[in-house]
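None of the figures in this text is laboratory data; all of them are computed from the coordinates on show. No experiment lies behind these values; they were computed from the predicted model shown. When we count neighbours, we look across all protein chains shown, and the Cβ atoms used for this are built from the backbone with ideal geometry, even at glycine.
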Amino acid sequence: MRIAKYIKKIIKNPFKLFSLLGARGLINWISDKLYLKLAYRARLGKKLNIDNTTTFNEKIQWLKLYDRKPEYTLLVDKFEVRQYIADEIGEEFLMPLLGIYSDFDEIDFDALPNQFVLKCTHDSGGLVICKDKSNLDKHAAKGKINKCLARNYYYHAREWPYKNVKPRIICEQYMVDESGVELKDYKVFCFNGEPRLIQVDFNRFTKHKRNLYDTEWNFLPFSIQYPNDEKANIQRPGRLAEMLDLSKILAKDYPHIRVDMYSIKNQVYFGELTFYHGSGFEEFTPESYDELLGSWITLPKKQS
């Protein structure tokens with residue numbers, strides 16, 4: 001049944017076949033520019049105007065191609081970025097680190113606490129959350145982690161900073177927020193060094209929703225990829241002002257960057273830095289906000 005549905009989607013939009021091939025690394029030989037044009041059409045059903053960008057998603061594609069500073073590779077590495085964060089804002093904002101490994105078999109599970117989180121340093125999605133070590137399926141965890149270690153995340157959406165990140169595994173302390181069941185991301189979108197809006201993802205493992213707020217914590221009436229819920233009781237973080245100040249420090253040198261943070265027992269923790277939100281392939285509803293956020297990005301001079 002799932003195969004039949006996918007075939008119908010391909011018939012309706014043949015570019016989706018390209019998207020599937022790209023995700024599996026079968027067309028890595030295509031140039032970045034051509035790949036992004038085809039992927040943009042496949043994902044969003046639109047032509048990418050890379051030479052006259054106006055929308056947020058278009059400008060994200062432009063930044064992938066023409067804003068290539070060597071330090072970006074360090075900043076997307078989930079282990080190496082820790083030293084940068086410690087130097088820029090202080091190590092007290094780092095999630096407690098339990099280990100760093102080159103291979104899954106290096107992990108001494110007996111030495112780990114009952115709860116922990118495993119992440120791959122070089123990609124998105126290489127995540128294993130352990131809430132009870134006695135119930136951890138190590139075979140499944142190893143399979144997931146090794147699959148991620150074996151792939152070069154760059155080829156998925158041509159986010160070039162990931163191309164030369166050394167694949168490793170980090171283990172961090174497991175933490176939850178005031179909900180007691182999850183850890184909400186507070187994703188601060190910064191444009192030319194200034195925080196402009198905050199995205200909050202919640203119910204990620206049930207019915208994923210995503211609300212957007214301005215810097216005064218006013219709900220914004222649009223969505224990006226996932227539905228919003230104005231009635232959801234997402235409280236303003238007690239240290240929101242500090243989150244914004246820290247984001248501004250970390251964003252000062254970049255045309256656009258997303259600074260992800262957590263609020264745990266009134267303590268702010270750093271999550272990660274993201275240069276290309278959703279790889280520039282997520283749908284805005286209504287579409288006018290794609291234009292609005294695009295107008296907030298001032299593109300730098302081309303670097304390639």
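Which residues among the stretch 20-39 fall inside the zone where the amide N is under 17 Å from a point 7 Å beyond the Cα of Lys47, along Cα→Cβ?
The answer is 34-39, whose backbone nitrogens lie closer than 17 Å to the label point.
Please give me, ordered by residue number, the trypsin sites (Lys or Arg not before Pro) of the stretch 181-259 that lie in loop per DSSP and have at most 16 other Cβ atoms within 10 Å.
Arg204, Lys207, Lys231, Arg239, Lys252
In nanometres, what is the gap between the two model label sites at Leu299 and Ala23, each 7 Å from Cα along Cα-to-Cβ?
Taking the simple label geometry, Leu299 and Ala23 are separated by 2.8 nm.
Determine which aspartates and glutamates satisfy two conditions relative to Lys64: a Cα distance under 17 Å, and not lying fewer than 8 residues away in the same chain.
Candidates past the 8-residue exclusion: Asp32, Asp51, Asp77, Asp123, Glu159, Asp253, Glu282.
When the chain is fully extended, how far beyond the present Cα-Cα distance does Gln173 get from Lys252, taking 0.36 nm per residue of separation?
25.5 nm
Calculate the dipole size of the chain relative to its Cα centre from +1 charges on Lys and Arg beta carbons and -1 charges on Asp and Glu beta carbons; express the result in debye to the nearest 20.
Its charge dipole is roughly 1780 debye.
Say R0 is 35 Å: what FRET efficiency, to the nearest 0.05, do Lys163 and Thr206 get from their beta-carbon distance?
Between Lys163 and Thr206 the formula returns 0.55.
So if we plug the beta-carbon distance of Glu242 and Tyr101 into 1/(1 + (r/R0)^6) with R0 = 30 Å, what FRET efficiency do we get, rounded to 0.05?
Approximately 0.40, to the nearest 0.05.
Select from Asn218, Val268, Ser279 the residue farthest towards the positive end of the dipole of the stretch 195-304; place +1 on Cβ of Lys and Arg, -1 on Cβ of Asp and Glu, and compute about the Cα centre.
The listed residue farthest towards the positive side: Val268.
Given (i) 33, 25, 18; (ii) 29, 21, 21; (iii) 29, 25, 21 as candidate values of semi-axes √(5λ) of the Cα gyration tensor in Å, which corresponds to the one derived from the coordinates?
Here the calculated entry is (iii).
Set the Förster radius R0 to 25 Å, insert the Cβ-Cβ distance between Glu287 and Phe219 as r into 1/(1 + (r/R0)^6), and round the FRET efficiency to 0.05.
Plugging the Cβ-Cβ distance into 1/(1 + (r/R0)^6) gives 0.85.
Okay, helix-only estimate at 222 nm for the chain: each DSSP H run of n ≥ 4 adds -39500 (n - 2.57), divide by all residues, round to 500 deg cm²/dmol; what do you get?
About -9000 deg cm²/dmol.
If I stretch the segment between Asn135 and Glu230 completely, what's the gain in nm (0.36 nm per residue apart, minus their alpha carbon distance), one decimal?
That works out to 30.5 nm of additional length.
Contact order normalised by length for the stretch 72-295, with contacts defined as Cα pairs under 8 Å and 6 or more residues apart; what percent is it?
Normalised by residue count, the contact order of the stretch 72-295 is 20 percent.
Would the stretch 2-66 count as rounded, prolate or oblate if I go by the C-alpha gyration tensor, calling it rounded below 1.5 in a/c and otherwise prolate when a/b exceeds b/c, oblate otherwise?
Oblate, because a/c is 1.5 or more while a/b does not exceed b/c.
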